[in-house]
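Below: one structure, written as structure tokens.
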Amino acid sequence: MEKFQANEHQHIRYNPLKEEWVLVSPHRMKRPWKGQVEKVAEEEIPRFSPMNPLCPTVTRPNGMVNPDYKGTFVFTNDFPALLDEVPEPDASDDPLFQCRPARGSCQVMCFHPWSDLTLPLFEHHEIKAVIEEWVKLSVDLGSKYEWVQIFENKGAMMGCSNPHPHCQVWASSFIPNEPAMKDKTQKNYFKEHGSPMLVDYVKRELEKKERIILSNDHWVWLVPYWAVWPYETMLLPKRHVLRLQDLKDEEKNSLSIIMKQLLTKYDNLFQTSFPYSMGWHGAPTGSYLKSDQTHWQLHALYYPPLLRSATVKKFMVGYELLAQAQRDLTAEQAAEKIRSQSDVHYKLSPKTET
């Protein structure tokens, strides 16, 4: 029998952060494909629209008027999923019908006053301003709530209803499922090995260099060994950092640089404004600020849905919903494809005359 090759033969890979397996089927990349691979015609987004509730000076649906902001702008979500003052449910002794209190706050953060910009087209100082606001929100909300989830849904494909550079920040009185699992797995790893899982992981990845896309003095951007989405990536600091507010100023500067690079490469992959859901995970806050959280390591996750082109999406259906996650493109192949993209955004590249 021929020797196993990861880029040729099916296998399953383990995600130690979530205690889950993903089926990798690289041989499926050889199957015939007749779908379109051309880039999608991009929508012309006006820089300002009085109908866009995220623009400066516009009146939002609840009657509040946005200020004429020039940088970042944060406001409480007009339709929040979490409120702070709500009645608590009655306790239940039935193991099949459990219910617990849930309190929280939902904020919207606009990155920039212009609707026609996205983060890869920002200047470095503008991305740094976004990072500083993330830190401020993490501190302010984290002083009261157990978990602060910063996340950005970019593009209509990811359910973003307002074409304007922005993210959301949901703070909750409980630790949600994904970070709760990561808290458990990182704690178990630390007890067994005496070091944080993701700190060890970054060191191993830097040695192997198979899935690294970009790195600088302080940060590493890579495709995780256990990635599920075709072009899923993870952004991690090189040193041990618990939370965004623990970053040094030079690390925030460095983060703004690598964010612009990575998002430019994403856009260049299919010459489109690359859709994704991204978010930050770090040590829990609230009451956890008083306890030892050394097992945690700060990291950002990017989950893009695109598979073969700007218009072909990866769907999690069938086997993925009923059995386990499955991917065709290996993490190594995905990393190489992203890594090979230009550092110059396609919208800023000189046009070739034909």
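The values are calculated or read from the model by the stated rules, or taken from the named source; none is laboratory data. All figures in this text were calculated on a predicted structure; none of them were measured in a lab. Here the Cβ is made from the backbone with ideal geometry for all residues, glycine too, and neighbour counts use every protein chain on show.
Among the residues of the range 291-312, which ones are of a type in the set (Ser, Thr, Tyr) and either under 18 Å from the mean Cα position of the chain (by Cα) or more than 18 Å from Lys154 (Cβ to Cβ) (or both)? Hits for the range 291-312 are Ser291, Thr294, Tyr302, Tyr303.
Scoring Ser161 on the criteria (1) crowded, with 17+ Cβ neighbours inside 10 Å; (2) in a loop (DSSP other than H, G, I, E, B) leaves a single failure, condition (1). All of (1) farther than 11 Å from Tyr231 by Cα; (2) modelled with pLDDT under 95; (3) of a type in the set (Phe, Trp, Tyr) hold for Trp280 with one exception: (2). Quick one: count up the residues across the range 313-323 that are over 21 Å from the mean Cα position of the chain (by Cα), part of a loop (DSSP other than H, G, I, E, B) and at negative phi. The total comes to 2. Of all residues in the range 154-199, how many are under 22 Å from Val139 (Cα atoms) and either of a type in the set (Ser, Thr, Tyr) or free of Cβ contacts under 8 Å to residues at least 12 places away in the same chain (or both)? Of the residues in the range 154-199, 4 are under 22 Å from Val139 (Cα atoms) and either of a type in the set (Ser, Thr, Tyr) or free of Cβ contacts under 8 Å to residues at least 12 places away in the same chain (or both).
Out of the residues in the range 203-226 that are of a type in the set (Asp, Glu) and farther than 22 Å from Leu247 by Cα, state the one that is surrounded by the most Cβ atoms within 10 Å (Cβ to Cβ).
Checked the range 203-226; the qualifying residue surrounded by the most Cβ atoms within 10 Å (Cβ to Cβ) is Glu210.
In the condition set (1) part of a loop (DSSP other than H, G, I, E, B); (2) free of Cβ contacts under 8 Å to residues at least 12 places away in the same chain, His112 is compliant with all but (2). Considered as a group, the residues in the range 277-298 that are farther than 16 Å from Val202 by Cα and small (Gly, Ala, Ser) include one that is surrounded by the most Cβ atoms within 10 Å (Cβ to Cβ), and that residue is Ala283. Of everything listed in (1) part of a helix (DSSP H, G or I); (2) surrounded by fewer than 18 Cβ atoms within 10 Å (Cβ to Cβ), the single unmet condition for Met259 is (2). One residue alone among Phe274, Phe270 is over 24 Å from Gln149 (Cα atoms), modelled with pLDDT under 95 and buried (at least 20 other Cβ atoms within 10 Å of the Cβ), and that residue is Phe270. Residues in the range 283-305 that are touching a Phe, Trp or Tyr at 6+ places or on another chain (Cβ under 6 Å) and over 22 Å from Ser115 (Cα atoms): Ala283, Pro284, Gly286, His295, Ala300, Tyr303.
Could you please find all residues in the range 324-354 being of a type in the set (Gly, Ala, Ser) and in contact (Cβ under 8 Å) with a residue 24 or more places away in the chain? Selection gives Ala325, Ala331, Ala334, Ala335, Ser342. Kindly evaluate Ser138 against the criterion of being among the small types (Gly, Ala, Ser) and outside any loop (DSSP other than H, G, I, E, B). So Ser138 fits the description; yes.
Conditions tested, residue by residue: (1) surrounded by 10 or more Cβ atoms within 10 Å (Cβ to Cβ); (2) assigned to a loop (DSSP other than H, G, I, E, B).
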position: Thr57; (1), (2): yes, yes
position: Gly63; (1), (2): no, yes
position: Tyr69; (1), (2): yes, yes
position: Val74; (1), (2): yes, no
position: Ala81; (1), (2): yes, yes
position: Asp84; (1), (2): yes, yes
position: Pro95; (1), (2): no, yes
position: Arg100; (1), (2): yes, yes
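Select from the range 324-346 the residues that are part of a loop (DSSP other than H, G, I, E, B) and of a type in the set (Val, Ile, Thr) and list them in ascending order. The answer is Thr330, Val344. Entry remark, the range 95-109: residues being at pLDDT 95 or above and of a type in the set (D, E, K, R) number 1 in total. If I filter the range 239-256 down to residues being of a type in the set (D, E, K, R) and over 18 Å from the mean Cα position of the chain (by Cα), which single residue comes out as nearest to Leu17 (Cα to Cα)? Filtering first and then ranking leaves Arg239.
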